[in-house]
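Participant: Take a look at the following structure, please.
Coordinate-derived values only; no laboratory data. Everything quoted here is computed from the prediction, not taken from an experiment. When we count neighbours, we look across all protein chains shown, and the Cβ atoms used for this are built from the backbone with ideal geometry, even at glycine.
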């Protein structure tokens, strides 16, 4: 399994990650793309722990996601299950695990300042850091998708399941968008990937 995981990582991160994963009660699974999450962690009924990460992530996002989930596992080991999932214990663990990786041998030089800023106070998802999410997207294979914040106000767009919306104004952090078939209003994160329609 480690060999498969290594194919998804920046090469200079493999040794460090393999060391983190060399525990007997941790199961790692690489999953097909899931729209709602990049990865997850959970304690299994048999006492083991499972981490899943999406296979379609570029190597930098895969590494960040894997370390995010390992931080949940490590925080559970140290503090037990009475902590908040993305509370201070998890944040400190995530910061501690990421610090040795913030090097130009592992991440492109243009990502390092963004990562350093992000890890001063990591969020539950790196996607909520729009600047970092956009920078990470530059390393994805090309596609015909755009971020919501990139498309003009009033544009029609389609999401992954074929539903069509019209982009409205921004409400604090998210955009109000109307589903054209129902007239219902939905809120979209600025970096939701959509297909712009003519």
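Participant: Exposure proxy check: 177, 14 ranked by fewest other beta carbons within 10 Å?
Facilitator: 14, 177
Participant: Where does each of 175, 139 land when they are ranked from fewest to most other beta-carbon atoms within 10 angstrom?
Facilitator: Exposure proxy ranking, most exposed first: 139, 175.
Participant: Let me have the relative contact order for the chain, percent, based on Cα pairs under 8 Å that are six or more residues apart.
Facilitator: 13 percent
Participant: Continuing with this model, one more query. How long are the semi-axes of the equivalent ellipsoid of the stretch 59-198, defined as square roots of 5 times the Cα gyration tensor eigenvalues? Whole Å, largest first.
Facilitator: 33, 19, 12
Participant: Over the alpha carbons of the stretch 32-105, what is the largest minus smallest coordinate on each principal axis, giving the biggest first in Å?
Facilitator: Answer, in whole Å and largest first: 34, 28, 19 Å.
Participant: Next question. Assuming a ≥ b ≥ c are the square roots of the Cα gyration tensor eigenvalues, decide whether the stretch 146-196 counts as rounded (a/c under 1.5), prolate (otherwise, with a/b larger than b/c) or oblate.
Facilitator: The shape class here is oblate.
Participant: Measure nothing fancy, just the Cα-based angle from helix 88-98's long axis to the longest principal axis of the chain, in degrees from 0 to 90, nearest 10.
Facilitator: The two axes meet at around 80 degrees.
Participant: Just want the ordering: 15, 176, from fewest to most Cβ atoms lying within 10 Å of their own Cβ.
Facilitator: Ordered by Cβ neighbours within 10 Å, fewest first: 15, 176.
Participant: Per DSSP H run of n ≥ 4, the term is -39500 (n - 2.57); total these for the chain, divide by its residue number, and report the mean residue ellipticity at 222 nm rounded to 500 deg cm²/dmol.
Facilitator: -8500 deg cm²/dmol
Participant: Working out 0.36 nm times the residue gap between residue 46 and residue 82, then minus their Cα-Cα distance, what length gain in nm do you get to one decimal?
Facilitator: Extra length available between residue 46 and residue 82 comes to 11.0 nm.
Participant: Moving on. Please report the base-10 log of the normalised intensity I(q)/I(0) for the stretch 2-137, using a Debye sum with one equal scatterer per alpha carbon and no solvent, at each q in 0.13, 0.15 (1/Å).
Facilitator: -0.51, -0.70
Participant: Still on this structure, I have one more. Sticking with the crude label model, points 7 Å out along Cα→Cβ, report the distance from residue 29 to residue 173 in nm, one decimal please.
Facilitator: Reported label-point gap for residue 29 and residue 173 is 2.9 nm.
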